[in-house]
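Each remark here refers to the structure printed beneath this line.
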Amino acid sequence: MSVGDDIKEAIVDVGSTYTIVRDAGNVAGEYGLLEYSSQVTKPITIEHFRRAMIAYDTDMITGDVVEFDATGHRFLVTNIMPDLFENAVVHYESVLYKCNVTSGELFRPSGETWDDPMDQYHRDPQWETVKAGCNAMQVAALYGNDLETENELALLGLQKDEVLLPHSVGAQVMDRWQPYSGEYYMVTTIESRRYPDVDVLIVEEDRR
């Protein structure tokens, strides 16, 4: 057996099963060792930030959503870093953010209509659904004493109201984000380079 196989066997022995949630079909049966970071002390970072040790032959990629079977909690994969030994990957260290939204909806403007045909000055925007059932992490801006150390700020990097969403969803500026029924946000900026295959949506209350 290789070193990677030995580590995988250990992860299976002490880890937890998870399912990779994909539109094209879920991938089940993998194991990971989920850990909290020892660098954090505040509830916001303890709640949302995880590290995981993953086997060398995983199907997991950045931008995936994974659900740990024992708890049902879903996480967005923001980084996967290989651990090398003798020029071979023996396992991966991954960084996960907990999805506090699991049925969000993303809409796109598709024109306008007149709510009252006699009123030519008041028009209501129409929306088409880009994707329903979105998994995402949405967290309000963190300022001042909300984070205790610079390390904690670096873990999330939140300076504005942000939504972390898989890049595959295809969000665009001016889209409408609905994390929960009746709660609307407008996408004002998209940062696509902070995490591989994950978009960071800067949002504000949508009054359209």
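The values are calculated or read from the model by the stated rules, or taken from the named source; none is laboratory data. This is a predicted model, so every value here is computed, not measured. Cβ: placed from backbone, ideal geometry, glycine included. Neighbour counts: every protein chain shown.
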Flag if L76 is under 19 Å from the mean Cα position of the chain (by Cα) and at pLDDT below 95: no
Filter pass, F49 being modelled with pLDDT of 95 or more and not aliphatic (A, V, I, L, M): no
All strands (runs of 3 or more DSSP E) inside the range 24-112 with 3 or more residues being acidic (D, E) and not assigned by TED's automatic domain parsing to the domain that holds A140: none
Residue ID - surrounded by the most Cβ atoms within 10 Å (Cβ to Cβ), chosen from residues in the range 177-197 that are touching a strand residue (DSSP E or B) at 6+ places or on another chain (Cβ under 6 Å) and under 13 Å from C134 (Cα atoms): W177
Failed item, numbered, when I61 is tested on (1) under 17 Å from L164 (Cβ atoms); (2) surrounded by 15 or more Cβ atoms within 10 Å (Cβ to Cβ); (3) modelled with pLDDT of 95 or more: (2)
Residue within the range 8-21 that is over 25 Å from R194 (Cα atoms), touching a helix residue (DSSP H, G or I) at 6+ places or on another chain (Cβ under 9 Å) and without any contact (Cβ under 8 Å) to a residue 12 or more places away in the chain present: no
Subset of the range 166-208 (residues that are closer than 13 Å to L106 by Cα and of a type in the set (S, T, N, Q)): S168, Q172, Q178, S181
Test: residue in the range 130-139 that is β-branched (V, I, T), in a strand (DSSP E or B), at pLDDT 95 or above and not assigned by TED's automatic domain parsing to the domain that holds I80: yes
